[in-house]
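The values are calculated or read from the model by the stated rules, or taken from the named source; none is laboratory data. The shown structure was predicted, so the numbers you read here are calculated from the model rather than taken from an experiment. Heads up, the Cβs are rebuilt from the backbone with ideal geometry, glycines too, and the neighbour counts pull from every protein chain shown. Accessible surface areas use protein heavy atoms only, side chains included; no ligands, DNA or RNA. Shrake-Rupley method; radii C 1.70, N 1.55, O 1.52, S 1.80 Å.
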Amino acid sequence: MKLDTIIFLVYLVGLLVVGTYFTRKASKSVDQYLLGGRSLGPAVTALTMQSSSMSGYMFMGGPALAFQQGWYALWYAFGDAGGAIVNLSVLGKRMRRMSEMLGALSPIEYLEKRFESPAIRIVGSVISIIFLFGYVFAQFIASGKALEQLTGLSYSTALLIGVGVIISYTVTGGYLAVVWTDFIQGIIMVIGVVGIAIMGFIHLGGLSGLNEQIAAIDPSYLSPWGKDLAYIGQWGVVLGAVLIYSIGYMGLPHVVVRHMSMKSTKTVKGAILYAATWNQLFVFTPYLLGFMAIVLLPELNDPEMVIPTLAYEFFPGIMAAILLSAVMAAIMSTSDSILMQAGTILSRDIYLRFIDKKASDNKMVNISRLCILAAGVIGVIVAVYQPPSVFSLVIFSFGVLGNSFIVPYVVSVYSKNANNIGVLCAMIFGGVTNIFWTSLELQEATYLHPFLAGLIMSVLGMLVGNPFGKKPAWIEDIFPEVKKGYSVPASLDKKVSRHLNLEAGNLGKYLKETQVGEDFSR
């Protein structure tokens, strides 16, 4: 066995050790297994949010787009660079407060309790499961490709090894295993891509040297409109490319759940700083590597293999193994988060809600583990047959999830007048529009990006449906700041106390003694 393969296997074993370490803590309660006891600090929150967001797309799909379209690809990076700041600033504090007050342990459960609508939970669960699976299929495909390049094993064998490790530590260690492996992998991802980029710029004579050599091949690569000016004047496509990653994360259940698991709302400020710093180091670099490949790898057959190929081009085997660990880090940090969220939805939002409402904590932990395992097995079976490219599958799944949930999550914390019918219409209008826009290739005819089209229709659905719904009676009492005496209106006390397992009349005391109360007193 090659030394670089051994190094990579040691890395995988290390991840399994992390999962095993958190097994006992994860088994204590459903809250511990699904949300880590709401105990995450700013650094871990930031890196798990970002590493789980970026995925194999950033190491395969993004560089492939840059390799094929040139500087046009940076429209996606421009939006991505500020995505974490937007996500944490808009949803962070408010969702952290309200999700705990409602006793919600999953983003879909949160929407049902916020809008008092089982229909929202059903529709949200169906959308989430289908398109989270699509998202994880893309990660598994990327995993198989990366390991095939590193180990020389067949795609199927490499896929089974990589995914087997991901499933193992996710099933055993639960949410804490996921976020701490994400934290470690987030650091590895930055080191990996920055290391390759430095060597590439040295070889090419810096950014100016890179541009000169690209221009000599085809000047249209340097245009913001893509190779051969394919998107010239299509501002609807460009705006959609910027928006999908600048605001899209607010609609991804496996990302939104990070708001719910923070230690307190004080975590948000520090998390924004960590996430913004990490983003500037990481987000643009994979695309720059795609540009380098135009010059350095002109005969590359599979554009999604830009980074693995460059890693071996510039580094000896051992260093390449470490750098390719960064590729796997991106893939695994997203895969484990999606599997965790899919398992949560299957167990809590479907099994507990509609099949066995009296299931014990211990039973629910085991059900969650079985659901995660089942999701992983289905993902492997589909990925073996290699559906569309990583880029296409990620953009499609990401877009549908974002268009289905961005508007519901934002109005849930900013509008006391939003109601169940408006939210249902927003989910259905947005998601269905993206599906049809992508499937029928309407972007080519309309010059409007599927994500932008879906966002417009989701907002329209909210406006059209909201007059026909009814908001919860107690919501009026949650939105105003609770006064310093922590006086709690009777309607709020009765409704929310039930979710927090408190006796009626004790909510004011609870708010005063916990971080939630400190938050609302400000």
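Counting just the residues of the range 411-434 that are within 10 Å of residue 400 (Cα to Cα) and touching a helix residue (DSSP H, G or I) at 6+ places or on another chain (Cβ under 6 Å), which one comes out most open to solvent (accessible area, probe 1.4 Å)? So the residue we want is 433. If you go through the range 198-213 and keep only what is at pLDDT below 90 and open to solvent by less than 10 Å² (accessible area, probe 1.4 Å), you end up with just 200.
With respect to the conditions (1) more than 16 Å from residue 271 (Cβ to Cβ); (2) assigned to a helix (DSSP H, G or I); (3) in contact with a Lys or Arg (Cβ under 7 Å, 6 or more places away or on another chain); (4) of a type outside the set (D, E, K, R), residue 48 falls short on a single one, namely (1). Taking residue 162 as the residue in question, decide whether it is over 22 Å from residue 251 (Cβ atoms), surrounded by fewer than 20 Cβ atoms within 10 Å (Cβ to Cβ) and at pLDDT below 80. No; evaluated as a whole, the condition is false for this residue.
At pLDDT below 85 and part of a helix (DSSP H, G or I): does that describe residue 113? For residue 113, the condition - at pLDDT below 85 and part of a helix (DSSP H, G or I) - is not met. Residue by residue through the range 420-478, note down the ones that are touching a residue at least 40 places away in the same chain (Cβ under 8 Å), assigned to a loop (DSSP other than H, G, I, E, B) and closer than 29 Å to residue 98 by Cα. Within the range 420-478, 469, 470, 471, 472 meet the criteria. Close Cβ contacts (under 8 Å, 6 or more residues apart or on different chains) running from residues in the range 74-87 that are hydroxyl-bearing (Ser, Thr, Tyr) to residues that are part of a helix (DSSP H, G or I) and open to solvent by less than 10 Å² (accessible area, probe 1.4 Å) comprise 76/62; 76/241; 76/244; 76/245; 76/287.
Of all helices (runs of 4 or more DSSP H) completely enclosed by the range 1-41, which ones contain at least 2 residues that are open to solvent by 50 Å² or more (accessible area, probe 1.4 Å) and at pLDDT below 80? So the answer is 3-21, 23-26. Taken together, 239, 252, 273 contain a single residue that is of a type in the set (A, V, I, L, M), open to solvent by 40 Å² or more (accessible area, probe 1.4 Å) and under 30 Å from residue 103 (Cα atoms), which is 273.
With the structure loaded, tell me whether residue 228 is assigned to a helix (DSSP H, G or I), of a type in the set (D, E, K, R), within 24 Å of residue 280 (Cβ to Cβ) and out of contact with any strand residue (DSSP E or B) (no Cβ under 9 Å at 6 or more places or on another chain) or whether it fails that test.
Against the criterion (assigned to a helix (DSSP H, G or I), of a type in the set (D, E, K, R), within 24 Å of residue 280 (Cβ to Cβ) and out of contact with any strand residue (DSSP E or B) (no Cβ under 9 Å at 6 or more places or on another chain)), residue 228 does not qualify.
Does at least one position in the range 494-509 carry a residue that is modelled with pLDDT of 90 or more and either assigned to a helix (DSSP H, G or I) or touching a His at 6+ places or on another chain (Cβ under 6 Å) (or both)? No, that holds for no residue. Taking helices (runs of 4 or more DSSP H) as the structural unit, those lying wholly within the range 252-322 and holding at least 1 residues that are within 30 Å of residue 408 (Cβ to Cβ) and modelled with pLDDT of 90 or more correspond to 267-282. All conditions in (1) part of a helix (DSSP H, G or I); (2) over 18 Å from the mean Cα position of the chain (by Cα); (3) surrounded by fewer than 20 Cβ atoms within 10 Å (Cβ to Cβ) hold for residue 383, with the sole exception of (3). Checked against the criterion of being within 20 Å of residue 334 (Cα to Cα) and surrounded by fewer than 24 Cβ atoms within 10 Å (Cβ to Cβ), the candidates 103, 152, 134, 144 yield just one match: 134. For the subset of the range 351-366 comprising residues that are among the aliphatic types (A, V, I, L, M) and crowded, with 19+ Cβ neighbours inside 10 Å, which member is nearest to residue 117 (Cα to Cα)? Filtering the range 351-366 for residues that are among the aliphatic types (A, V, I, L, M) and crowded, with 19+ Cβ neighbours inside 10 Å, the one nearest to residue 117 (Cα to Cα) comes out as 352.
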